[in-house]
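Undergrad: Dumping the structure here so I can ask a few things about it.
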Amino acid sequence: MLNRLEMLRIFVAAAEARNFKEAAARLGISPQAVTRAVQDLEAAQGELLFHRNTRGVQITTYGEHLAAQARDSVQRIDALFQPGTEAARSEQPEGLVRLTAPVALGRRLMVPVLNRIGQQYPRLRFDMQLSDTHADVVDGRIDIGVRYGAMHDSRYIARKVASPPFLTVGTSALIAQYGKPKTIEQLHDLPTTSLRDLSTGKAWPWYFAGGQHISPVNPRFLSSDSEAEFDAILAGLGFGQLPGFMAEAPIAEGRLVPVLQKQQPDAWDIYVYRPQRGPVPARIRLVYDQLVAWLSGK
């Protein structure tokens with residue numbers, strides 16, 4: 001049997017990796033050695049740490065709690081064997097942080113913040129999943145998420161950081177050709193763009209004041225990628241509805257013109273959130289707090 005410290009080190013690597021093979025590659029050992037270490041630790045703990053099936057492995061809730069405790073413990077013990085560096089290392093969180101966000105929000109708002117954090121803390125690593133379908137951060141082993149829209153899940157600790165508006169827009173050339181829509185219903189007779197909801201296969205609805213919403217009939221451009229829809233709107237293929245963090249700059253530059261402003265819906269909130277699960281490692285708390293501070297403009 002491996003000594004307890006090495007067993008915990010291998011387990012932490014397995015908890016952070018997507019599978020045992022990836023953990024083995026990081027540690028320079030065989031996948032069989034990772035499997036044996038996990039099995040020995042499960043026997044010592046008397047608890048299952050990973051669910052196994054034909055598709056791979058998935059860490060258990062108990063395993064997540066143990067990994068959070070073991071990670072910090074292993075790092076502190078390793079620091080004891082590096083004289084003169086303990087204080088410096090304690091100020092330099094390290095390890096992997098898994099994040100998720102909608103595509104455009106992640107690219108435009110989160111990536112610049114993560115770049116700044118990464119420059120300041122070079123021992124941090126980021127695994128960022130961008131999707132316009134809401135990810136289950138608990139089941140997906142995500143550490144931090146950013147979401148556009150309401151948060152009602154008690155499994156999460158969430159902080160509201162911004163409230164950008166939804167804006168209906170078109171190019172000047174498009175308006176010159178078709179005119180500005182005067183009512184919401186007129187959008188059905190105009191070229192429009194839409195974003196496909198990957199969970200249903202249907203187009204996301206457009207939202208307006210008073211709780212009104214429509215799904216434009218036969219959009220001229222339909223995509224599952226919010227950035228592709230944005231490019232189509234800028235190209236003048238159709239009117240579209242965009243969050244403020246995408247629309248405000250091209251409006252200020254004169255590339256887009258807002259329409260139906262009296263029917264503009266209430267602003268949607270942006271939240272930074274993380275699961276409520278046991279102790280929070282220093283690297284997760286750091287990135288979470290920095291994202292909250294940067295995105296809220298503090």
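Undergrad: Go through (1) at pLDDT 90 or above; (2) under 25 Å from residue 119 (Cα atoms) for residue 16 and report which single condition fails.
TA: Among (1) at pLDDT 90 or above; (2) under 25 Å from residue 119 (Cα atoms), residue 16 violates only (1).
Undergrad: Taking the stretch 141-152 as the region of interest, how many residues are out of contact with any helix residue (DSSP H, G or I) (no Cβ under 9 Å at 6 or more places or on another chain) and either surrounded by 15 or more Cβ atoms within 10 Å (Cβ to Cβ) or modelled with pLDDT of 90 or more (or both)? Give the steps one after another, and end with the answer.
TA: First, pick out the residues of the stretch 141-152 that are out of contact with any helix residue (DSSP H, G or I) (no Cβ under 9 Å at 6 or more places or on another chain): 142, 145, 149-152.
With either surrounded by 15 or more Cβ atoms within 10 Å (Cβ to Cβ) or modelled with pLDDT of 90 or more (or both) added as a condition, the list becomes 142, 145, 151.
Number satisfying all stated conditions: 3.
Undergrad: Going through 157, 175 one at a time, which residue ends up being of a type in the set (Val, Ile, Thr), modelled with pLDDT of 80 or more, on the phi < 0 side of the Ramachandran plot and assigned by TED's automatic domain parsing to the domain that holds residue 258?
TA: It is 175.
Undergrad: For the condition under 30 Å from residue 213 (Cα atoms) and either modelled with pLDDT of 90 or more or assigned by TED's automatic domain parsing to the domain that holds residue 65 (or both), what is the one hit in 273, 288?
TA: 273
Undergrad: Just to verify a result, which residue in the stretch 230-274, among those that are among the polar types (S, T, N, Q) and outside any helix (DSSP H, G or I), is surrounded by the most Cβ atoms within 10 Å (Cβ to Cβ)? Steps first, answer last, please.
TA: In the first step, residues of the stretch 230-274 are kept if they are among the polar types (S, T, N, Q); the result is 241, 261, 263-264.
Imposing the further condition that a residue be outside any helix (DSSP H, G or I) reduces the set to 241, 264.
Working: 241: 26, 264: 17.
Per the criteria, the residue is 241.
Undergrad: Across the stretch 153-166, what is the total count of residues that are of a type in the set (Ser, Thr, Tyr) and surrounded by 15 or more Cβ atoms within 10 Å (Cβ to Cβ)?
TA: 1
Undergrad: Please find, among 297, 201, 211, the residue that is among the small types (Gly, Ala, Ser) and touching a residue at least 12 places away in the same chain (Cβ under 8 Å). It would help to see each step written out before you state the result.
TA: Numbers: 201 fails: touching a residue at least 12 places away in the same chain (Cβ under 8 Å); 211 fails: touching a residue at least 12 places away in the same chain (Cβ under 8 Å).
Of 297, 201, 211, the one residue that is among the small types (Gly, Ala, Ser) and touching a residue at least 12 places away in the same chain (Cβ under 8 Å) is 297.
Undergrad: With (1) surrounded by 15 or more Cβ atoms within 10 Å (Cβ to Cβ); (2) under 32 Å from the mean Cα position of the chain (by Cα); (3) over 21 Å from residue 251 (Cα atoms) as the list, and residue 195 as the residue in question, which single condition is left unmet?
TA: Exception for residue 195: condition (3).
Undergrad: Looking at the stretch 62-76 only, could you name the residues that are more than 16 Å from residue 280 (Cβ to Cβ) and either touching a helix residue (DSSP H, G or I) at 6+ places or on another chain (Cβ under 6 Å) or not assigned by TED's automatic domain parsing to the domain that holds residue 35 (or both)?
TA: The answer is 74, and nothing else.
Matching residues to (1) aromatic (Phe, Trp, Tyr); (2) under 29 Å from the mean Cα position of the chain (by Cα); (3) on the phi > 0 side of the Ramachandran plot; (4) assigned by TED's automatic domain parsing to the domain that holds residue 127:
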| residue | (1), (2), (3), (4) |
| --- | --- |
| 4 | no, no, no, no |
| 20 | yes, yes, no, no |
| 25 | no, yes, no, no |
| 29 | no, no, no, no |
| 40 | no, no, no, no |
| 47 | no, no, no, no |
| 55 | no, yes, no, no |
| 60 | no, yes, no, no |
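Undergrad: Could you please let me know if residue 97 is modelled with pLDDT of 85 or more and either in the same structural domain as residue 281 (by TED's automatic domain parsing) or farther than 23 Å from residue 275 by Cα (or both)?
TA: Criteria met by residue 97.
Undergrad: Still on this structure: Could you please give the count of residues in the stretch 50-68 that are assigned to a helix (DSSP H, G or I), β-branched (Val, Ile, Thr) and within 9 Å of residue 15 (Cβ to Cβ)?
TA: Residues that pass the stated criteria total 0.
Undergrad: Return only the number of the condition from (1) assigned to a strand (DSSP E or B); (2) of a type in the set (S, T, N, Q); (3) out of contact with any Leu (no Cβ under 8 Å at 6 or more places or on another chain) that residue 193 does not satisfy.
TA: (3)
Undergrad: So, one more: Name the residues in the stretch 275-291 that are part of a helix (DSSP H, G or I) and surrounded by fewer than 16 Cβ atoms within 10 Å (Cβ to Cβ), would you?
TA: 285, 289, listed by residue number.
Undergrad: Among the residues that make up the stretch 213-234, is at least one of them more than 20 Å from residue 183 (Cα to Cα) and touching a Phe, Trp or Tyr at 6+ places or on another chain (Cβ under 6 Å)?
TA: Yes.
Undergrad: With the structure loaded, tell me whether residue 168 is more than 17 Å from the chain's Cα centre (by Cα) and in a loop (DSSP other than H, G, I, E, B) or whether it fails that test.
TA: No: the conditions fail for residue 168.
The values are calculated or read from the model by the stated rules, or taken from the named source; none is laboratory data. Computed from a predicted model, the values in this text were never measured in an experiment. Here the Cβ is made from the backbone with ideal geometry for all residues, glycine too, and neighbour counts use every protein chain on show.
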